[in-house]
4 protein chains.
Amino acid sequence: MQMAWYPSKWGAGDEIGALHSLTPQKIVDAARLVKTGRTFNLAHVLEDGIPSVSFHGQFLYSTFHRHSVDLKSPGKLNDAGGMNTRLIMADHTGTHIDGLNHISIGERLYNGNLSEEITGSFGTIKLGVEKTPPIFTRGILIDVAAFLKVPAMEGGRAIPAEELRECVNASNLKITSGDAVLIRTGWDKYWMSDNSKFLGPVPGIDLSAAEWLEQQGAAVVGSDTWNVEVDPATPMRGADAVHQFLITKSGVRMIENLYLEEVSRENVREFLFVCLPLRIKGGTGSPVTPVAVT
Amino acid sequence: MQMAWYPSKWGAGDEIGALHSLTPQKIVDAARLVKTGRTFNLAHVLEDGIPSVSFHGQFLYSTFHRHSVDLKSPGKLNDAGGMNTRLIMADHTGTHIDGLNHISIGERLYNGNLSEEITGSFGTIKLGVEKTPPIFTRGILIDVAAFLKVPAMEGGRAIPAEELRECVNASNLKITSGDAVLIRTGWDKYWMSDNSKFLGPVPGIDLSAAEWLEQQGAAVVGSDTWNVEVDPATPMRGADAVHQFLITKSGVRMIENLYLEEVSRENVREFLFVCLPLRIKGGTGSPVTPVAVT
Amino acid sequence: MQMAWYPSKWGAGDEIGALHSLTPQKIVDAARLVKTGRTFNLAHVLEDGIPSVSFHGQFLYSTFHRHSVDLKSPGKLNDAGGMNTRLIMADHTGTHIDGLNHISIGERLYNGNLSEEITGSFGTIKLGVEKTPPIFTRGILIDVAAFLKVPAMEGGRAIPAEELRECVNASNLKITSGDAVLIRTGWDKYWMSDNSKFLGPVPGIDLSAAEWLEQQGAAVVGSDTWNVEVDPATPMRGADAVHQFLITKSGVRMIENLYLEEVSRENVREFLFVCLPLRIKGGTGSPVTPVAVT
Amino acid sequence: MQMAWYPSKWGAGDEIGALHSLTPQKIVDAARLVKTGRTFNLAHVLEDGIPSVSFHGQFLYSTFHRHSVDLKSPGKLNDAGGMNTRLIMADHTGTHIDGLNHISIGERLYNGNLSEEITGSFGTIKLGVEKTPPIFTRGILIDVAAFLKVPAMEGGRAIPAEELRECVNASNLKITSGDAVLIRTGWDKYWMSDNSKFLGPVPGIDLSAAEWLEQQGAAVVGSDTWNVEVDPATPMRGADAVHQFLITKSGVRMIENLYLEEVSRENVREFLFVCLPLRIKGGTGSPVTPVAVT
């Protein structure tokens, strides 16, 4: 039987979703995972030419003011020059998080909100990324590529629930409520080394895996590809089935384009995970610099 | 005697500066400050019309793709609509961090780098904000406005070292090496309620206070104004004297436009401070969403 | 009796409007107005800080690539450096033309098109400015400010039909079918000299004047203010009544922010008028550089 | 003997270059070429996905305000909705003109100006495209593709002076002082039909042809490719030799990405040519919509 997927279990007006499971106790427990004082940056560098899905458009940036020019500005009295750069980008650029208003099922968003009723010239008036609480929680790495003993999985290769479960078991880890689950496929090696490969068909979780992750209590699901979910999906499932299930039905955040090579190499499997999206009003996502701290 | 200010004490090639004091032990100690599991968001919302110094230009953003339109896209087979927004901004927008390449003393930047030698069309090839380590450290709030028993200090009112010291003492706090020191003037109440006031002359630390903070070991200095330092500065000192001392000479990061009202009201004085700049290659700063965790 | 305003007199599918009156004969006649070989630029310079209605947002531009940097680019073999700038702007920036899709009457645009049916992520699929024919026609200047013997009219001062007619008569001119009619109020003197004045209440034509101009056969109506029409309009008429009548009902193009001081000073009253909008697909207007040639 | 190429023949301070040859008589004569009253648009449509040289970056635009949303704006009293789009682009986008400050010979620009001395955060303080006079002159089409009886010339195929001369002779045309000379290679057929072909090696004039055109008096040289000059150039000449000769040494404007298919098909060889660049202060070029009028 098909269950109605809204209102969400957190109430009809809820805009937070699965991040409700970041309780004070969860936050305290996550902080206790910090034992060695090492930090791992999980974001790619934002630079000219980074891969970008055409839906989002190219990342453009450039030097704006320069010290040498600023020093000669009219009225300038002291010897302090300033510099800045200007950025042009979609809210889904580089390593980024998807907000609860990013994906619809037909015309409906998370918690049954109708897209047209809440969308304006400046994003949406509900579910905007500015309402995302700071993500400060336990993180675990599910290193599927290492489990399969490959540097990178094949493009288009699905990861079903069963395989994900085996991979977690093999690590002696257990997903708990509120966790950020990061799934490594090895795909980040193509970032800036082979961008057309990076943007092509990618390995990733299928719907069964997404459902299993949600049942285990994952509040955040991330991966090292541009889609997290396998692409192209099977003919029987529409593409974006994972996005629709996780984000729209379940209120789970997704993080794309993570850099997971270093944590894999250093055998980091459990950590404090922190991710702090820009508070773009009505925004549907944000570039982020997530970190793992051990 | 005027001391040469470069090479820095971390070596001639250093691009990290005072964040070297975020040692593993410091990071572990900072994590231990998390006891109640509460998080406080220290960033303003990025929205249409936010105050912006003219040097940086207006923050522009708008809805780009919409679910309703995307659902009708050519070749669309399933019922998943996507949405995003497009952002146009300086790297110094909203609540933001200043990188080590932001401010010069004449033509020279942190560690004596010559601006013109390292500046290109895409920021600088050294000192870029993408090299900033994750800022995960002890934070303390110096609540000068509360100390002075005013809702907000006067514009143009300087905070000298002596006053800052008294204020810290009154809180029974002590600045330690690697701390992020957040100075509250009450100015954030004008954000979006009176933007021309917000952008006008502001209260802030003077050079004596900046020197004292650096001596105490502060790695990060932030405030709730657009400048951290008092503006306008005294006639005897050029404006930006604090920026030059902290960033260019001392390798200390500055954070501007913090939202400190809530931590003040809740009497939060010591906390884990986390700030994760976007990794903009060669960027001179980044919008950020810093958090305090207790 | 209120007449239905669509379909337009040029047919239900028409996307050209009053520019249909730019017949081959009209174009030949317009060219014959060129007798002295003088050109007059009717556009303001696009520069940092130009006035911009908040609906459209700030004009931002900045140097992007520089010769000195480009000369040092990897793989550069010769001694040719290149430079460019990057522009960020609304299609209604500086001196600009309004397209037939710019203004609605309720949900309907020119020729009865429903806004939501033709609007997508990249402008509209009908009525876009890219379909505007080259505007090459007779132009006449109605110099109301000179007629009133004032350097500039008062903000908020309406120009009714009767006054416009008298002013044309006083010049011994006659509006003919397909003309571009430029109405001078003297307001361009405030451009970049007093931008807040420039953007405030402006003198301009009222609805009676717009109706009269359309009856005379004007295909284009321009002025030296940001609105062409008086602002604020009278309480009995909604603002934008002129825009709705000219653009939406009558298919007449409007041009805003014209620079008319020079043609006024040089007593140029009749001329070849050329205006060539950028062909932005689905765009609702375009910055332009119109010229008068005598 | 190598002649010094600056100061230019129009004086050391000149910023106009070869457009000085657009004398009043030339303008009057050009207007007299209008006999049938037909206009031909020579610009491609600016749309999502148009080809763009990586040096300039992608053309990005999107719907900003919409009528349906604007109608619901707070304080909206009447039934007029407004719409606009936002554009992000290099000043060299789509069909565009190159300004006199676009290309350097080493560090020097037209008339010997040193790039670094005149370049700031907002383009250059001399030679900016805002100073370009309205281009209103005689245009002629040199249809090399038709002359060679091919739909499009081969990529990388140079057009030397001799061939250009023969082609002009075959048309019974003569280049005269101040002309805009448009060279058709047939390349515009690849615009949006095969963008990677369009951006690849292109047919175009070589240095001998550029020198010959300048001797004939051409004030403007345009073509239907992204480079006008052949690319790649011969190993003996650096790429951009034509740009350097025409723009930097000779003060001749170049126009790229012209749409010449229609004028070719209609056998239009001589016409009034009008091109009106946006007046971007310090800009190095401008997207344009040139027209041919017969």
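The values are calculated or read from the model by the stated rules, or taken from the named source; none is laboratory data. Worth saying up front: this structure is predicted, and the values here are computed from it rather than measured. When we count neighbours, we look across all protein chains shown, and the Cβ atoms used for this are built from the backbone with ideal geometry, even at glycine.
Go through region D:253-294 and report how many residues are away from every other protein chain (no Cβ under 12 Å) and either assigned to a strand (DSSP E or B) or surrounded by fewer than 24 Cβ atoms within 10 Å (Cβ to Cβ) (or both). Outline the logic, then answer.
Residues of region D:253-294 away from every other protein chain (no Cβ under 12 Å): D:253-256, D:258, D:260-270.
Checking which are either assigned to a strand (DSSP E or B) or surrounded by fewer than 24 Cβ atoms within 10 Å (Cβ to Cβ) (or both) leaves us with D:253-256, D:258, D:261-270.
Matching residues across region D:253-294 total 15.
Considering only residues that are touching a helix residue (DSSP H, G or I) at 6+ places or on another chain (Cβ under 8 Å) and buried (at least 19 other Cβ atoms within 10 Å of the Cβ), look in region D:53-67 and name the one that is farthest from residue C:109 (Cα to Cα).
Going through the qualifying residues, I end up with D:66.
Just give me the residues in region A:167-198 being within 17 Å of residue A:256 (Cβ to Cβ) and assigned to a loop (DSSP other than H, G, I, E, B), in sequence order.
Once the filter is applied, which keeps residues that are within 17 Å of residue A:256 (Cβ to Cβ) and assigned to a loop (DSSP other than H, G, I, E, B), region A:167-198 yields A:185, A:186, A:191, A:192.
Here are some residues: A:87, A:71, A:77, A:109. Which one is over 30 Å from residue B:231 (Cα atoms) and not charged (D, E, K, R)?
A:109
So which residues in region A:61-70 are facing another protein chain (nearest Cβ under 7 Å) and either over 23 Å from residue A:41 (Cβ atoms) or in contact with a Cys (Cβ under 9 Å, 6 or more places away or on another chain) (or both)?
Kept after step one, since they are facing another protein chain (nearest Cβ under 7 Å), are these residues of region A:61-70: A:61-69.
Answer for region A:61-70, where residues must be facing another protein chain (nearest Cβ under 7 Å) and either over 23 Å from residue A:41 (Cβ atoms) or in contact with a Cys (Cβ under 9 Å, 6 or more places away or on another chain) (or both): A:62, A:63, A:64, A:65, A:66, A:67, A:68, A:69.
Yes or no, residue by residue, for (1) under 18 Å from the mean Cα position of the chain (by Cα); (2) assigned to a loop (DSSP other than H, G, I, E, B):
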| residue | (1), (2) |
| --- | --- |
| A:200 | no, yes |
| A:209 | yes, no |
| A:214 | yes, no |
| A:221 | yes, no |
| A:225 | yes, yes |
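For region A:62-80, name all the residues that are among the small types (Gly, Ala, Ser) and assigned to a loop (DSSP other than H, G, I, E, B).
Residues satisfying the conditions are A:73, A:75.
Looking at residue B:43, is it under 23 Å from the mean Cα position of the chain (by Cα), within 19 Å of residue B:87 (Cβ to Cβ) and in contact (Cβ under 8 Å) with a residue 40 or more places away in the chain?
Answer is yes for this residue.
Can you pull out every residue in region D:117-166 that is within 11 Å of chain C (Cβ to nearest Cβ), assigned to a strand (DSSP E or B) and out of contact with any Cys (no Cβ under 7 Å at 6 or more places or on another chain)?
The first filter runs over region D:117-166 and keeps only residues within 11 Å of chain C (Cβ to nearest Cβ), leaving D:117-124, D:127-137.
Next, only the ones that are assigned to a strand (DSSP E or B) stay: D:119-120, D:123-124, D:135-137.
Correct list: D:119, D:120, D:123, D:124, D:136, D:137.
Quick one: what pairs do we get from region B:184-213, first residue under 26 Å from residue B:251 (Cα atoms), second polar (S, T, N, Q) and surrounded by fewer than 24 Cβ atoms within 10 Å (Cβ to Cβ), C-beta under 7 Å, 6+ apart or different chains?
Here the result reads B:184/B:264, each pair linking region B:184-213 to a residue that is polar (S, T, N, Q) and surrounded by fewer than 24 Cβ atoms within 10 Å (Cβ to Cβ).
Restricting to region B:18-61, give me the number of residues that are hydroxyl-bearing (Ser, Thr, Tyr) and either part of a helix (DSSP H, G or I) or in contact with a His (Cβ under 8 Å, 6 or more places away or on another chain) (or both).
1
Sort out which residues of region C:95-110 are crowded, with 24+ Cβ neighbours inside 10 Å and either without any contact (Cβ under 8 Å) to a residue 40 or more places away in the chain or more than 7 Å from every other protein chain (Cβ to nearest Cβ) (or both), and write them in order of number.
Correct list: C:95, C:96, C:97, C:98, C:99, C:100, C:109, C:110.
I'm told residue C:110 meets every condition in (1) modelled with pLDDT of 95 or more; (2) within 20 Å of residue D:115 (Cβ to Cβ) except one. Can you identify the failing condition by its number?
Unmet for residue C:110, out of (1) modelled with pLDDT of 95 or more; (2) within 20 Å of residue D:115 (Cβ to Cβ): (2).
How many residues are over 20 Å from the mean Cα position of the chain (by Cα) and more than 7 Å from chain D (Cβ to nearest Cβ) if we restrict to region C:72-94?
Residues in region C:72-94 being over 20 Å from the mean Cα position of the chain (by Cα) and more than 7 Å from chain D (Cβ to nearest Cβ): 5 in total.
Going through region C:238-252 one residue at a time, which ones are on the phi > 0 side of the Ramachandran plot and at the interface with chain D (Cβ under 8 Å from one of its Cβ atoms)?
Passing the criteria: only C:240.
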